[in-house]
1. Could you check the simple spin-label distance between Lys49 and Asn25, using points 7 Å along Cα→Cβ, in nm with one decimal?
2. Cross-link list Lys27/Lys53; Lys23/Lys49; Lys18/Lys53; Lys7/Lys53: which exceed 29 angstrom alpha carbon to alpha carbon?
3. Helix-only estimate, please: 222 nm mean residue ellipticity of the chain, summing -39500 (n - 2.57) across DSSP H runs of length 4 or more and dividing by its residues, to the nearest 500.
4. Please check the chain for the longest run free of trypsin sites (Lys or Arg not before Pro) that are loop-located per DSSP (anything but H, G, I, E, B) and have at most 10 other Cβ atoms within 10 Å.
5. Once fully extended, how much extra length lies between Glu2 and Asp64, figured as 0.36 nm per residue of separation less the alpha-carbon to alpha-carbon distance?
6. How large is the translational diffusion coefficient of segment 5-65 in µm² per second when you combine the Kirkwood radius over alpha carbon pairs with Stokes-Einstein at 20 °C and 1.002 mPa s?
7. Loop only by DSSP, 14 or fewer other Cβ within 10 Å of the Cβ. Give me the chymotrypsin sites (Phe, Trp or Tyr not before Pro) in the chain that pass, ordered by residue number.
8. Quick one: 3J(HN,Hα) in Hz for segment 33-44, Karplus 6.51/-1.76/1.60 with θ = phi - 60°, rounded, Gly and Pro as x.
Amino acid sequence: METAIIKIGNSKGLRLSKTILEKYNIKDRVEMILEKGQIILKPISSPRKNWGKAFEEMRENNDDRLLFNDVFEDENFEEWN
């Protein structure tokens, strides 16, 4: 596929069609790999990046407690038997 390089301010860039963005699930950022005379663009997909660190910080701040009880007073356990 051939595409034009366009002027964006003092820089230049590529315009990707909505179809390509949707097909490859490209949101706001891509990884650019420079390899053997070619440029490879890969979508960045890391929805849970840094969750481990965030959970550790929550534990250190005693902010990892339940916001409500996991068992309610009016819960009927009889129906599960």
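1. 1.5
2. Working: Lys27/Lys53 24 Å; Lys23/Lys49 23 Å; Lys18/Lys53 34 Å; Lys7/Lys53 40 Å.
The answer is Lys18/Lys53; Lys7/Lys53.
3. Details: 2 runs with 16 residues, N = 81.
After summing the helix terms and dividing by residue count, I get -5500 deg cm²/dmol.
4. Numbers: sites that count: Arg15, Lys27, Arg29, Lys36, Arg48, Lys49, Arg65.
The longest uninterrupted stretch comes out as 66-81.
5. Values: separation 62, 0.36 × 62 = 22.32 nm, distance 5.12 nm.
Gain in length upon complete extension: 17.2 nm.
6. On the way: Rh = 15.0 Å.
Once the numbers are plugged in, D ends up at 143 µm²/s.
7. Tyr24, Phe68, Phe72, Phe77
8. 10, 9, 8, 6, x, 9, 10, 10, 9, 10, x, 8
Every number here is computed from the coordinates shown, using simple stated rules; none is lab data. The structure displayed is predicted, hence computed values, not measured ones. With ideal geometry, Cβ positions are generated from the backbone for all residues, glycine too; neighbour counts draw on all protein chains shown.
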